[in-house]
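These notes concern the structure reproduced below.
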Amino acid sequence: PTALYRSLIYNIERKKAHQSLEESEKRYSDLFHLSPQPMWVYALDDLSFLDINQAAIRHYGYSQEEFLSMTIKDVRPKEDIPQMMKAVEISRKHDQFYFQDTFRHQKKNGEIIHVDIQSEIICFKGRKAELILANDITDRLEYIKAIEKQNELLREVAWKQSHEVRGPLARIMGLIKLLDLPGEDLSQHEVLGYIKNSAFELDDIIKDIVKNAQIVGPNSD
């Protein structure tokens with residue numbers, strides 16, 4: 001009875017462990033395949049794709065079959081591969097390692113995107129691999145670039161306001177005062193002509209300021 005009891009307990013515990021493993025694998029599968037962000041698993045020895053989720057398939061334009069016949073080198077611009085290999089070598093030296101950095105990737109259609117990569121070393125079907133979460137931040141970087149460009153334009157506007165506008169405006173104010181001063185050598189007609197010229201100069205400067213102060217969006221040249 002004692003041996004039978006122990007065997008029964010062993011079988012129950014083994015079944016629980018197996019069930020727990022299956023539940024854990026299902027949670028991983030759900031998190032991986034249902035993620036709205038592109039994710040994949042690649043082998044650290046030969047860099048081949050081992051698993052890929054639907055978000056990555058949609059975002060990069062390759063089919064699942066194409067991905068599984070490729071390596072991670074195939075989604076990088078050729079000139080960026082040395083940088084990528086440095087990161088891979090770091091991962092190969094560890095059994096547990098979390099990594100995050102920004103890289104350039106290339107879609108099937110040739111489009112270059114900027115991607116924030118988060119990675120974790122895992123064991124996938126008996127192979128040392130790396131789980132990758134890829135977040136495309138291209139639009140964000142373009143927006144920041146546009147804001148920086150706009151800030152530069154606004155600095156130019158501020159400079160024009162404090163320097164270029166001040167000159168013709170000061171001349172106009174001074175000429176207006178001449179109109180009220182008797183006995184001046186300049187005739188009223190001449191003074192008005194100078195005021196008119198300064199006003200045109202001021203108008204051109206303001207038009208230039210308005211043109212340069214146009215709000216620049218992420219898709220602007």
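For the peptides 33-43, 72-82, the ranking by mean Cβ contacts within 10 Å, running from highest to lowest, is 33-43, 72-82. All C-alpha pair distances within the stretch 29-128, sorted into 5 Å bins from zero, spread as 2, 12, 23, 28, 23, 10, 2, 0 percent across the bins. Shown is the FRET efficiency for residue 204 and residue 139, computed with R0 = 22 Å from the Cβ-Cβ distance and rounded to the nearest 0.05: 0.05. The phi-based Karplus calculation (6.51 cos²θ - 1.76 cosθ + 1.60; θ = phi - 60°) puts the 3J(HN,Hα) values of the stretch 142-147 at 5, 5, 4, 4, 5, 5 Hz, whole numbers, x for Gly and Pro.
Distances between placed amide hydrogens fall under 5 Å for residue 51 paired with 41, all partners being 5 or more residues away or on another chain. Sorting the segments 126-137, 85-96 by their mean number of nearby beta carbons within 10 angstrom, highest to lowest, gives 126-137, 85-96.
Just the number, please: carbon plus sulfur as a percent of the accessible area of the stretch 39-166, 1.4 Å probe, no ligands or DNA/RNA counted. About 51 percent, which is the carbon plus sulfur part of the accessible surface.
Taking all protein chains into account, the per residue accessible area for the stretch 22-181 stands at 60 Å² (1.4 Å probe). Counting charges near residue 200 (Lys, Arg +1; Asp, Glu -1) among other residues having Cβ under 15 Å from its Cβ returns a value of -2. Computed from label points 7 Å out along Cα-Cβ, the spacing between residue 122 and residue 64 is 1.6 nm.
Using only Cα coordinates, the Kirkwood hydrodynamic radius of the stretch 36-82 works out to 10.9 Å.
The values are calculated or read from the model by the stated rules, or taken from the named source; none is laboratory data. Fair warning: this is a prediction, and the values are worked out from it, not measured in the lab. In this analysis, Cβ positions are derived from the backbone assuming ideal geometry, glycine residues included, and neighbour counts consider all displayed protein chains. Just the protein is used for accessible areas: all its heavy atoms, side chains included, with ligands, DNA and RNA removed. Shrake-Rupley method; radii C 1.70, N 1.55, O 1.52, S 1.80 Å.
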